[in-house]
Amino acid sequence: MLGLLNSRRIMPLPDTMFCSQQIHIPPELPDILKQFTKAAIRTQPTDVLQWSAGYFSALSRGDPLPVKERVEMPVATQRTDTGLTRGLLKILHKQLAYKKIVDLRELQQKWKTLCLPMEKLKFILKMDPVEDKVEWMKFLALGCSALGGTLHSAMKQACEILTEDPEGGPARIPFETFSFIFTYLSGLDPDRTEKETILFLKNLEETVADRKEGMIGVSDFFIEDKKKLQYLAI
Amino acid sequence: MTSTVADSSPRPTGTYTFASRPRALNCQRRRYRECFGADEEPVHYGNIMYDRRVIRGNTYALHSYPPSTQPDPVELQRQQEAKRKALARRRAREHLRPRSPEPVEGRKHVDVQTELYLEELADRIIEVDMECQTDAFLDRPPTPLFIPAKTGKDVATQILEGELFDFDIEVKPMLEVLVGKTIEQSLLEVMEEEELAELQKQQQQFEELRNLELAEVQRLEEQERRHQQEKERRREQQLQQLQKQNETAQKIAARAYAQVYLADLIPSVFGSLRDNGYFYDPTERDIEIGFLPWLMHEVDKTIEYNMVGRVVLDMLIREVVENRLNMFEQLAVKEPKKTLPDNKDEEQGESFTIGSEQFAEEQESLPTRSFQDVPPEKDSFQMPFGDNLDIFDMKESDVSEDKEP
């Protein structure tokens, strides 16, 4: 900050400056500073400079900012695994969701802005290798599965990221999205057969279609899963 | 209306002694709204200047006013004595004082001043007004400034441009405020937003839970309601069934009873019908309707003929008897007869037999329906039918009584 202001000194000050009251502060500056500070506090980037660069470039371009919506307490395992958290995934989703297909380089750029380790990105992408471009929803699904260990917890994460409901409420997403993600993930999972997947989805669809206008919430399949587990005696 | 406490001779008969007892002033202006029957004392007030009790003049040579309350009787007596003595002394003095003789008639004594210099005796005291005036207080004038004598050396200097103002130093407080305030403010705001968001989240979670539970409750209620309805329906069904069973049992009972009751209805009906002759053997009926009346009619006729015969016979007999009687009477007149009644009997019997023979002959000429053998020749008079029909049994005596057929 002072560096910036030092450079200011080189810029011509008015000749006759006698007292501190003559120093002029641009009126937008406090606001920008405040927003930036709040964003930084909320996002808690490990490398503030890196992130700030990303922040300001996104701000200057008018893109969605790499800012978390809510303060997230750092998870204990954050340093050991991908370092990805739900909030960070949400940021990525916010920034990249409008494009269906995302350029890999851009993804890397955004990944770096969030101060996440690059190996981890490669690790995630290894699950479903692509070359140049990746479909965003698929990457999101992979990210979710990286967050939650099991398929169902991954679906839960996906619901909560994608939902438009207020936080804490029933995290509902349209059934097509849900089924797409679910099919994709269960397709990657070698243990589950396609038939199981289809059956499961069909069951869910019946319960969902008539009552909830085609939106599926966390409670629908999470509980469902428990019942199913009991039933299958897994 | 002051009270003077006797200083020199305090006789505490009570707590206090008074020259005049204190009493409440009776003010014309009522202090309270009504006076509760205050005793109407005569109002004593007057000018204090003219109150005899107020001591004027020298107070150091006066007799102390004796206390009027509870005076010691000895003291009282002594006082009286003193008074009398004083009075006596004064009278004595008066006596001894040389006085000028009384004025002559038409003259009057007048007091005259005889000193060298006449003194004006005036009632009015000469008064002189004296005045005195002081000046108004003046404020204390300010102390003059203390200006010490000048000491030291005079030195001068000159400031060039750009020397007074150092940007870095000047800007530091501003920066501190700017940055510090920014961080502080943003931190506060973030915390507040966080708190609000957290509250919202908790509210939402609670809503969710509540909705789920509500749904559960509703489901259970529905279930319960359905159970109730089901129970109701089953009960209704059962009741209906019971009712039907009852009805059926009653019907069966009624039926059985009716059957038993009406079991011998038919036989009795038929019996009574038969008794009343509704079932008849046609030939029997025929006999009864056709034959028997005819038979009766025939019997009637026969009997009538019998009767007629008998009557005729009777008449004959009577005539004969009368003729014979006349004859015999005629004879009797000539010869008295003895066995009149015996002859009569024998003759009657004979005439009867004669009569019956005649009848029998007559009857043979009549057309007969031979159901039974008609024995026309018999000794005693018998009916054409056998002895079965008792109705037609007639005694000889009966016949004889019938005079008419």
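Values in this text are rule-based calculations from the coordinates and carry no lab data. Given the structure is predicted, the values throughout are model-derived calculations rather than measurements. Note: ideal-geometry Cβ built from the backbone for every residue, glycine included; neighbour counts use all protein chains shown.
Couple of notes before you dig in:
- Amide proton proximity set for A:Ile216, modelled H, under 5 Å, gap of 5+: A:Ile173, A:Phe175
- Positive minus negative residues near A:Lys110 (Lys, Arg vs Asp, Glu; Cβ under 12 Å): +1
- Shape class for segment B:281-329, computed from the alpha carbon gyration tensor (a ≥ b ≥ c): prolate, with a/c not under 1.5 and a/b above b/c.
- Gained length - B:Arg99 relative to B:Phe146, 0.36 nm times residue gap less alpha-carbon distance: 8.0 nm
- Subset of A:Lys100/A:Lys156; A:Lys90/A:Lys122; A:Lys68/A:Lys202; A:Lys34/A:Lys138; A:Lys99/A:Lys126 violating a 30 Å alpha-carbon distance limit: A:Lys68/A:Lys202; A:Lys34/A:Lys138
- Net dipole in debye of segment B:281-329 [+1 Lys, Arg Cβ; -1 Asp, Glu Cβ; about Cα centre; nearest 20]: 300 debye
- Residue-span extension gain [B:Thr157 to B:Glu75] - 0.36 nm each, minus C-alpha spacing: 18.6 nm
- Working from label points 7 Å from Cα in the Cα-to-Cβ sense, the B:Phe206 to A:Ala53 distance is 4.7 nm.
- Among the trypsin sites (Lys or Arg not before Pro) found in segment B:77-139, those both in a DSSP coil and sparsely packed, with 15 or fewer other Cβ atoms within 10 Å of their Cβ, are B:Arg99, B:Arg107, B:Lys108, B:Arg124.
- Net length available on complete extension from B:Leu187 to B:Ile266 is 16.8 nm, with 0.36 nm assigned per residue and the Cα-Cα distance removed.
- Listed by Cβ neighbour count within 10 Å, with the fewest neighbours leading, A:Arg172, B:Arg140, B:Arg324 appear as B:Arg140, B:Arg324, A:Arg172.
- Cα-based shape type of segment B:117-242, given that a ≥ b ≥ c are square roots of the gyration tensor eigenvalues and the cut on a/c is 1.5: oblate
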